[in-house]
Amino acid sequence: MKLTDIISKDMRVVLRDRVALMFIFLMPIVLITILSFALGGVFSSDGLSIGQINIAVVDKTAEDEMQQAAEQMAGYGAFLDMQQMSLYTVFDSKEVSGFLSYTVMDEAAAKEKLQDGDIDAVVTIPKGFNAGMINVMMGNDDDLNVDVTGAQNRTMESGIVAGIVRAYTDTFCTLAADMDILIQTAVSGGMIQEMIGNLDFESFMKSLSQQLDIKINMEGIAARKALSSFSYYSIAITCMFVLYSAGQGSTFLLTESQEKTLLRLTAAGVSTKKLLLGKSVAVFSLCVIQLIVLLGFSTLAFGIDWGNPLSFVLISICVAISVTGLGVLLMVFVYRAGNPSVGNVFQSVIAQVLALFGGSFLPLSVLPPFFSTVALFTPNGLAIMAYSGNVTGAPLIEIVPYLGGSVLLGIVLYFLGLMLFPKERRA
C-alpha cells in the first residue's frame with residue numbers, strides 16, 4: 001500500500017464525520033466571536049493591557065564620575081547639570097513612571113530577580129557612561145551603550161524598555177549634535193564668549209528632558225502594534241482547538257486494528273515507521289486545513305492583520321508540526337489501550353488544561369508568571385506567543401525561539417510515540 005493511500009483514507013474518515021467537522025471548525029468560530037466581544041475589558045483602548053513593567057537598574061558608573069564629567073565642561077564657563085540629563089530622569093518622568101517602575105540594585109541581585117521572573121528586564125548603565133555623554137556634548141565621537149536584558153517570555157515588556165533606552169540615547173545624540181553645530185558656528189564668528197555668557201543652560205537642560213519624553217513616547221511605547229481582543233482571541237481559540245486535530249487523529253490506528261486492515265497493511269510490507277508517517281501526515285493536513293479556515297475567518301470577519309506573511313507561514317507550519325507530534329503520541333496511547341475513550345479524555349480534560357496554561361482563556365500577561373513558564377512546554381502556548389509577536393510587529397529573530405520550541409516539541413512527541421508503539425501488532 002502506498003503512503004498516499006494511508007493518508008487519503010484517514011482524511012476521508014475525518015471529513016465524513018459531520019459532528020467532528022462542526023466541533024473543530026464551527027465551535028471555535030463561535031467562541032472566537034463571543035470571547036472577542038465579551039472579554040474585551042481585559043484589553044485597553046489601545047490594545048492588550050500589560051500592566052506595570054518592573055525593571056532593575058544596574059548602575060556601574062563611579063560615584064565621582066558625575067563631578068569628573070562636569071569638570072570637563074569647565075572650558076565652556078558653565079556647570080552642566082548632568083543629573084537632569086540622566087536616564088533616571090526619563091524613568092521618573094510622568095509619562096514613563098505611569099507604567100514603569102525601577103529599582104537600583106547590584107548585578108548579582110538583578111540577575112537572580114530576572115531568572116526568578118520577579119522583574120521584566122535589567123537595564124545596565126556601563127562604567128564611563130556619564131563621561132561618554134560629555135564627550136558627545138563636546139562634539140567627540142563616543143558610543144552611548146546601555147544594555148537591556150529581558151526576562152524569558154517577557155518580549156513585549158522588555159521590548160518597550162529597550163525602546164525607551166534606545167530613544168533616550170538616540171535623542172541625546174541628536175540634540176548634542178545640534179548644540180555642537182551651534183557652538184561651532186559661534187566659534188567661527190568669534191562670538192563664543194558672548195554666546196556662552198548669554199546661554200541659559202538650565203533652560204536648555206529642561207528643554208532637553210522634555211524632548212526626551214516626547215521621543216520616548218513615540219519610539220518606545222508605540223514601537224509595537226496593539227493586540228486587540230479580536231486578534232488575541234482569534235489566535236488563542238484557534239491554537240486551543242487545533243489541539244483537537246490531534247484528538248481527532250487519536251483513533252486512526254485503533255480503527256485500522258478494529259477493521260482488520262492493520263494485518264493487511266502488515267502483510268503488504270508496511271513498516272511501523274511508514275504507518276506512523278502516513279498517519280502523521282493526515283493529522284498535519286487536518287491541522288493545516290483548520291488553521292486556514294479559522295485564521296481566514298478572523299481575517300475576513302475582523303480585518304485582522306497577521307503581520308509579516310513569511311513569519312506567519314513559518315509559524316503555522318511549526319504549529320502543525322507540534323500538534324502532529326502530539327497526535328502520533330495519542331494514537332499510540334489509544335492503540336495500546338485498545339479503547340477510544342483515551343482520546344476522549346484528552347479532548348475533554350487534558351486539552352482544557354493545556355488551554356488554561358497556554359493562555360487560550362486569558363492572556364499570559366495577566367496571569368501569574370508560573371503560567372508563562374508552563375506555556376513554553378505546550379503546543380498552544382508556543383503558538384500563541386509566536387502569532388502574537390508577529391501580529392504586534394516583533395522581528396522574526398524574537399519569534400524564532402517559539403518556532404524552534406514548537407518543532408522540537410513535535411519531534412520529541414513523535415519519536416516518543418514511535419518508541420512506545422508495540423512491536424507486535426494487534427490483530
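Just a few scattered comments:
- Filtering region 62-98 to residues that are aromatic (Phe, Trp, Tyr) and at pLDDT 80 or above leaves Tyr88, Phe91.
- Filtered residues of region 84-128 (kept if more than 29 Å from Phe371 (Cβ to Cβ) and buried (at least 19 other Cβ atoms within 10 Å of the Cβ)): Met85, Ser86, Leu87, Val90, Ile125
- Taken as a whole, region 401-419 holds no residue that is within 27 Å of the chain's Cα centre (by Cα), of a type in the set (S, T, N, Q) and surrounded by fewer than 24 Cβ atoms within 10 Å (Cβ to Cβ).
- Residue within region 407-414 that is outside the structural domain of Leu114 (by TED's automatic domain parsing), touching a Phe, Trp or Tyr at 6+ places or on another chain (Cβ under 7 Å) and in a helix (DSSP H, G or I) present: no
- Qualifying residue in region 373-387 (condition: part of a loop (DSSP other than H, G, I, E, B) and surrounded by fewer than 20 Cβ atoms within 10 Å (Cβ to Cβ)): yes
- Within region 282-335, being within 30 Å of Pro422 (Cα to Cα) and among the polar types (S, T, N, Q) holds for Ser285, Ser322, Thr324.
- Residues of region 298-318 satisfying the condition of being in contact (Cβ under 8 Å) with a residue 12 or more places away in the chain and either of a type outside the set (A, V, I, L, M, F, W, C) or in contact with a Pro (Cβ under 9 Å, 6 or more places away or on another chain) (or both): Ser298, Asp305, Gly307, Asn308, Ser311, Ser316
Every residue, every condition in (1) of a type in the set (A, V, I, L, M); (2) more than 21 Å from Thr33 (Cβ to Cβ); (3) not assigned by TED's automatic domain parsing to the domain that holds Phe23, yes or no:
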site	(1), (2), (3)
Gly303	no, no, no
Phe312	no, yes, no
Val319	yes, yes, no
Val323	yes, yes, no
Phe346	no, yes, no
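- For region 371-398, a residue qualifies if it is out of contact with any Gly (no Cβ under 6 Å at 6 or more places or on another chain) and without any contact (Cβ under 8 Å) to a residue 40 or more places away in the chain, and the qualifying residues are Phe371, Val374, Phe377, Pro395, Ile397.
- Helices (runs of 4 or more DSSP H) wholly inside region 234-332 containing at least 3 residues that are in contact with a Phe, Trp or Tyr (Cβ under 8 Å, 6 or more places away or on another chain): 243-248, 252-258, 272-302
The values are calculated or read from the model by the stated rules, or taken from the named source; none is laboratory data. Since the model is a prediction, treat every value here as computed from it, not as a measurement. Neighbour counts run over all protein chains shown; Cβ positions are idealised from the backbone, glycine included.
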